1. Taking 0.36 nm per intervening residue step and subtracting the Cα-Cα distance, what contour gain separates Thr214 from Trp547 on full extension?
2. Using a 10 Å cut-off around each Cβ, can you sort Ser590, Ser622 from fewest to most neighbouring Cβ atoms?
3. What length, rounded to one decimal in nm, is gained on full extension from Val419 through to Leu645, with 0.36 nm per residue of separation minus their alpha-carbon distance?
4. What size of dipole, in debye to the nearest 20, comes out for region 573-683 about its Cα centre when the only charges are +1 on Lys and Arg C-beta atoms and -1 on Asp and Glu C-beta atoms?
5. Once phi is turned into ³J(HN,Hα) by the Karplus curve 6.51 cos²θ - 1.76 cosθ + 1.60 with θ = phi - 60°, what whole-Hz value does each residue of region 461-469 show in order, with x for glycine and proline?
6. Residue farthest toward the positive end of the dipole of region 532-600, with Cβ of Lys/Arg at +1 and Asp/Glu at -1: which of Trp547, Tyr598, Leu583?
7. Compute the Kirkwood hydrodynamic radius of region 213-334, taking the inverse of the mean of 1/r over all pairs of distinct Cα atoms, and give it in Å to one decimal.
8. Once fully extended, how much extra length lies between Gln267 and Ser684, figured as 0.36 nm per residue of separation less the alpha-carbon to alpha-carbon distance?
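Values in this text are rule-based calculations from the coordinates and carry no lab data. Given the structure is predicted, the values throughout are model-derived calculations rather than measurements. All Cβ positions, glycine included, derive from the backbone under ideal geometry; neighbour counts span all protein chains shown.
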Amino acid sequence: MALPLSKAFAQKVTPADAKMDAFVSGLMKKMTVDEKIGQLNLVTVGRATTGAVVNSNVEAGIKNGNIGGVFGVWGTEYVQKIQDLAVKNSRLHIPLIFGLDVIHGHRTIFPIPLGMSATWDMGLIQESAQIAAKEATAEGLNWVFSPMVDIARDPRWGRISEGSGEDPWYGGQVAAAMVKGYQGSSMTNADAVMACVKHFALYGGAEAGREYNTVDMSRIKMYQDYLPPYKAAVDAGAGSFMSSFNTVDGIPATGNKWLLTDLLRKQWGFKGFVVSDYTAVNEMSNHGLGDLQTVSALALKAGLDMDMVGEGFLKTLKKSLKEGKVTQAEIDIACRRVLEAKYKLGLFNNPYKSIDPEREKTDVMTPANLQASRKIAEHSFVLLKNANQVLPLKKSGTKIAVVGPLADDKRDMLGTWVVAGEWEKSVSVLEGIHHIVGNNGTVTYAKGSNITEDTMFMNRLNYFGQQMVSIDKRSSDDMLNEAVKNAKDADVVVAVVGESQSMSGESSSRSDISIPESQERMLKALAKTGKPLVIVLFNGRPLTLTWEDEHADAILDVWAPGTEAGNAVAEVLFGNYNPAGKLTATFPRSVGQIPIYYNHKNTGRPYSGGPTKFKSNYLDISNDPLYPFGYGLSYTTFSYSDVKLNKTNLKGNETLTATVTVTNTGKYEGEEVVQLYVSDPVASISRSVQELKNFKKINLKPGEKQDVTFNITPADLKFYNSRLQYDWEPGEFIIRVGTSSVDTHMAKVNWSK
Ligand code: BGC
């Protein structure tokens, strides 16, 4: 049941630009400077925070018109109370915007974004965002701090888990799908939210993978490799952006005029508003840009519209106006953009649009939403190894030893950023396996080891005071002996290991990205039993897995799969669904290879194998990753024909078609992600060795074959040259089609202008 509208906004306003202009202009005429600055102030009431400051006096601030939005709250009762303060008690009755970090689902949790990206299925990704929007709006929200589209090439950085990996074109596809899912056909719809694309920009380029660290890169690299997903989100109609914590060209992104105005608005045509990240305005002082008044003025002048938590705008902009350090026009434009966002969301028509206690009961964690979560999780799993077809497991007559500290675990199933997620409701892997095996086989369980026994590490993982990770009362040896005994008695061992929830995500950089030592020790003991060893790997980032790759029989990478984790894992282990996920981030052999990514440049001295000197390689390790971008096995096998082209000499805007025949040569029905890469071996600048340009996901029954055709046009050949012009240069191009970035068939063409 919808609640009564505020009288002040009972008049209908339709979302057409001219009407919006007239409405907002009319409203702004009535506003004082203080009220305008108030709209630029975003506060949290402390239910979810990632920094030191939590705003106080929120109630008075809202009534006085000093607050434009609130985040960190959800639930219709609570949100309504806060909205009432603004709509019923402030002078101009301007509604608040309500935001939250809804990152991979609201209540029903989906796989972490890095896992979701491994589906290579934009329909599923969009569906996840749509469901998240429906659940979030059912709990009073209208704005989500997602998608995170930061390209990351360094798995030490914990926030690689929140993005779509290393490829700029692919990242753009995912960004667009997420924005469309959140915002729906119109943001005025009751079940749509406004997306907030973050973190603008280049946040994933942090030096040494260390959180919040300096970013410094050339313009060509920015444009070619890091900016495309943000641009794709603008093109998809994203309503808001969040500035990042890092510097860009030496200037913090939050106060960077080139970034927020010249690039985002003038070059890309972005029409929404930009909010800072959490206290990012204040943090510009630590970057060395001056005191709070100086950095706040700098941020506003650069094009930042809303200040998250730090109250720099609130406390200093009026003073700066009086002193001529900012202009009224600059305050007005930021205020206008925030009001426009509220207008686009339909909040002036109905400030209580997402406050419907009925929907809160019916639309959250529904069986359909859980079903979708399970399906998306299954599609996100990447089979990294499967020697001797040890997977899928037989559903009956098998003795399975389930071991590992993540096997009988619910909390870690959800992964990072699950603000409103309820881990108690998630399904553990052990439960999922029991659901399928029932009475038809034997399943034993032993924890086997602690997640980690490193006290300093543990203390950091437990920063929020909860026992996210704890040490078992039993001794390590007792736990290990139990696991080994179970393994010896079983036909197959399923070891559920890897990273716990707080090991990845924000402020979770790791210098060693292997499985923690206590778990490694258990894996080594299990391998010694000689029983087939299946690793179910939980991870928020690529890990170094050379030992596991050598010694385990199978490795199924399940990331952090979400609420339905255990059911999804079991469906895949027993072959009810044949895994088809492919990596979107390279897995290094060692931390020493980082940054490592498939679309690197050639060097002047490329290495091509064998003992050699004065080539670009390491003395102690190969250049190759352990698992490359685009890689992922299936229970079945696929063969690829050579690439057939419609022509080999092209001119101007002609279209090239590249066709391969893909055959399912194995025993199971399965999906395959057919990938298209293009190389431009001679150009005016040194180009990446290859770039992903397209993909198609197909489904084939055993013995079935299908022609897969890609259309390639000059748009696929374009790149940023040294003058930052986006164009293509004639010459030879290599077209590669295959099952991963390192397993392709190629053909060459000449393309003239
Ligand atoms: C994070 C953002 C997040 C914000 C609000 C920050 O620390 O960097 O991604 O949206 O907090 O919670």
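1. Working it through step by step, the gained length comes to 116.6 nm.
2. Numbers: Ser590 17, Ser622 13.
By the 10 Å Cβ count, ascending, the order reads Ser622, Ser590.
3. Details: separation 226, 0.36 × 226 = 81.36 nm, distance 4.98 nm.
My answer for the length gained is 76.4 nm.
4. On the way: 10 positive and 8 negative charges, 85 e Å.
Rounded to the nearest 20 debye, it is 400 debye.
5. 5, 9, 3, 7, x, 7, 7, 5, 9
6. Tyr598
7. Working: mean 1/r = 0.0686 Å⁻¹.
Kirkwood radius, region 213-334: 14.6 Å.
8. 147.7 nm
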